[in-house]
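J.: Below you'll find the structure I mean.
Just so you know, all these numbers are worked out from the coordinates, no wet-lab data involved. Small disclaimer: the values here were computed from a predicted structure and weren't measured. Heads up, the Cβs are rebuilt from the backbone with ideal geometry, glycines too, and the neighbour counts pull from every protein chain shown.
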């Protein structure tokens with residue numbers, strides 16, 4: 001039982017004298033001072049008898065909570081914790097808005113400045129940074145020297161620390177001024193988190209609003225106590241919170257691109273990785289980018305295909321209705337038409353065989369007419385900015401078919417991948433070839449229809465695995481050669497595939513992700529019926545391809561931008 005008033009029977013005359021003496025030194029009222037349990041008082045409690053026996057301390061890892069420090073930004077879900085602590089006669093210390101919140105609940109609370117004898121200063125920048133606070137958190141209860149100093153300096157033991165940091169990331173994302181952003185860099189809170197987490201053997205840390213429920217569950221099940229395992233788990237969460245917070249602050253200030261730090265707080269366990277024997281995880285905020293309407297959980301491979309689909313369709317974001325079908329990260333069909341139904345039908349015609357089990361994406365609303373066409377195809381995922389209600393109802397008849405509504409959110413501007421014993425980081429390929437980029441290098445100038453097809457093919461080429469050649473006609477993918485070690489092989493693959501699906505390549509265009517070192521590709525393409533070519537240029541033997549085109553009345557344009565994708 002703690003001494004809580006001058007009328008308490010446990011307050012001896014000698015103890016009153018001791019309190020009066022200390023109160024006078026600290027300029028505190030006697031009533032306030034004796035509401036704060038001293039370390040000597042704490043040591044008298046039965047559960048702390050372990051201080052006198054280190055062997056018992058090592059064996060008993062369960063700790064009761066008798067004093068708590070609470071200083072939080074987000075108070076959502078805090079009330080039941082405070083009430084549970086009060087019900088178990090826990091002394092609660094607090095600051096500022098949290099202190100007022102607890103008082104409004106009608107629960108006794110001791111202001112931190114009543115311990116430190118020092119007021120909150122600098123507009124709230126300094127509240128808890130004091131030896132009497134951090135001593136109460138960091139003392140090792142099985143260390144005789146620590147025990148002695150706690151008694152000597154009359155430092156109250158703190159068994160529990162609950163913190164929720166200033167919302168730095170949200171403040172940055174809101175577009176606030178730098179002054180406001182700087183003020184949301186938490187100093188005292190982050191220090192409390194690290195201190196309590198470091199001393200998890202003796203102190204419980206609740207580092208964020210997301211952990212309130214976890215702690216309350218531990219506390220309730222333990223009848224007011226926690227286990228070492230639980231304290232270690234919360235300490236792990238605490239160091240995650242602190243490291244993520246610091247990484248966000250560093251990211252805001254950093255301008256040195258040779259330093260790379262990334263911390264993603266939200267992780268999801270996948271069924272498996274690329275293959276069943278591999279573990280798989282996704283780190284990110286998938287729910288911000290998509291609303292999942294139907295279907296099973298997305299797999300590792302689904303997510304890769306969704307990523308490829310989104311990146312490809314971003315090229316056609318503001319175009320007429322465009323529909324694409326992807327398989328293993330490459331487009332096997334894509335078309336732009338006057339209606340979404342027509343776009344889907346012509347995209348499927350590009351390769352109806354590969355479309356089986358593919359990922360489908362549209363740049364506009366999927367209506368019932370389009371859904372009726374899609375419904376007969378087995379596909380893993382369908383992505384669109386919106387689905388008409390009738391279309392959604394029809395497509396949801398297949399319970400495992402994943403339907404995703406895509407939201408317009410900012411996506412990372414860097415590509416990151418593991419490499420050797422490190423990682424590779426690069427800017428995303430954010431150049432999309434437009435009419436202004438084109439330089440005609442042949443005697444024959446491409447027609448407006450050919451230019452439209454050349455730019456259409458170039459967009460697809462940019463998002464297809466190298467080496468690649470893309471053949472297109474009338475804003476429809478006829479075929480592509482993907483991931484070949486030879487550009488000639490990629491072209492031959494594309495021609496063979498287009499022919500197998502009965503495409504007439506007469507008047508088609510060809511796009512290449514890189515330059516032609518020899519004229520063989522334009523020669524093969526010409527004999528297949530191709531009349532216009534788009535490529536970066538830049539080979540020391542460009543003239544060989546240009547000369548062949550001139551001799552055969554082909555048009556060729558250079559963009560000056562290579563689009564390798566590995």
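J.: Angle check, please: helix 212-221 long axis (alpha carbons) against the longest principal axis of the chain (alpha carbons), in degrees 0 to 90, nearest 10.
T.: Approximately 50 degrees, to the nearest ten.
J.: At 0.36 nm per residue, minus the direct Cα-Cα distance, what do residue 153 and residue 285 gain on full extension? Give it in nm, one decimal, please.
T.: Extra length from residue 153 to residue 285 when fully extended: 42.7 nm.
J.: Between residue 552 and residue 328, how many nm apart are label points set 7 Å from Cα along the C-beta direction?
T.: 2.9
J.: Here's a follow-up. When only Cα pairs under 8 Å and 6 or more residues apart are kept, what is the percent relative contact order across the chain?
T.: 8
J.: Another question, if that's okay. Give the Rg (one decimal place) followed by the Dmax (whole number) of the stretch 376-470, computed from C-alpha coordinates and expressed in Å.
T.: For the stretch 376-470, the Cα-based Rg and Dmax read 19.7, 56 Å.
J.: As an exercise, use a Förster radius of 22 Å and the Cβ-Cβ distance of residue 372 and residue 405 to find the FRET efficiency, rounded to the nearest 0.05.
T.: FRET efficiency, residue 372 to residue 405: 0.70.
J.: First measure r as the distance between the Cβ atoms of residue 389 and residue 125, then evaluate 1/(1 + (r/R0)^6) with R0 = 60 Å and state the FRET efficiency to the nearest 0.05.
T.: The formula returns an efficiency of 0.65 here.
J.: Of the peptides 75-82, 506-513, how do they stack up when ordered by the mean number of other Cβ atoms within 10 Å, highest first?
T.: Going from most to least packed, we get 506-513, 75-82.
J.: Restricting to Cα pairs below 8 Å that are 6+ residues apart, what does the relative contact order work out to for the stretch 281-406? Please round to a whole percent.
T.: 28
J.: Antiparallel versus total DSSP beta bridges in the stretch 347-438: what percent is that, nearest 5?
T.: For the stretch 347-438, the DSSP antiparallel bridge percentage is about 40.
J.: Would you mind getting me the FRET efficiency between residue 62 and residue 183? Use the beta-carbon distance for r and R0 = 30 Å, nearest 0.05.
T.: The formula returns an efficiency of 0.15 here.
J.: Also, I was wondering about something else. Restricting things to alpha carbons, tell me how big the chain is in terms of Rg and Dmax, in Å.
T.: Cα only, the chain: 33.7, 113 Å (Rg, Dmax).
J.: Same structure, new question: Figure the gain on full extension for residue 246 and residue 304 (residue separation times 0.36 nm, minus the Cα-Cα span) and round it to one decimal in nm.
T.: Gain on extension, residue 246 to residue 304, equals 17.9 nm.
J.: Ok, one more. Defining a contact as two alpha carbons under 8 Å apart and six or more residues distant in sequence, what relative contact order in percent does the stretch 38-252 show?
T.: 24 percent.
J.: Compute the acute angle (0 to 90°) between the alpha-carbon long axis of helix 487-500 and the principal axis of greatest extent of the alpha-carbon atoms of the chain; round to the nearest 10°.
T.: Result, in degrees: 70.
J.: Sort 227-236, 298-307 for me by packing, meaning the mean count of neighbouring Cβ atoms within 10 Å per residue, highest on top.
T.: 298-307, 227-236
J.: Can you tell me the 0 to 90 degree angle between the C-alpha axis of helix 448-462 and the longest principal axis of the chain, rounded to 10?
T.: Tilt relative to the chain: about 40 degrees.
J.: A follow-up question, please. Within the chain, what percent of beta bridges assigned by DSSP are antiparallel, to the nearest 5?
T.: 55
J.: Let me ask another. What order, most packed first, do the peptides 352-358, 473-479 have when packing is the mean number of other Cβ atoms within 10 Å of each residue?
T.: 473-479, 352-358
J.: Also: Mind giving me the nanometre distance, one decimal, between the label points for residue 105 and residue 486, set 7 Å out from Cα along Cα→Cβ?
T.: 7.5
J.: Quick check on the stretch 281-406: take the gyration tensor over C-alpha atoms, sort the square-rooted eigenvalues as a ≥ b ≥ c, and tell me if it's rounded (a/c under 1.5), prolate or oblate.
T.: rounded
J.: Roughly speaking, what is the stretch gain from residue 428 to residue 79, that is 0.36 nm per residue apart minus the C-alpha to C-alpha distance, in nm to one decimal?
T.: Residue separation times 0.36 nm, minus the Cα-Cα distance, leaves 121.0 nm.
J.: Quick check: pseudo-label points 7 Å beyond the Cα along Cα→Cβ at residue 445 and residue 261, how many nm apart are they?
T.: Modelled inter-label distance: 5.5 nm.
J.: I need the semi-axes of the equivalent ellipsoid of the stretch 457-546: take the C-alpha gyration tensor, multiply each eigenvalue by 5, square-root it, list largest first in whole angstrom.
T.: In descending order the semi-axes read 19, 14, 12 Å.
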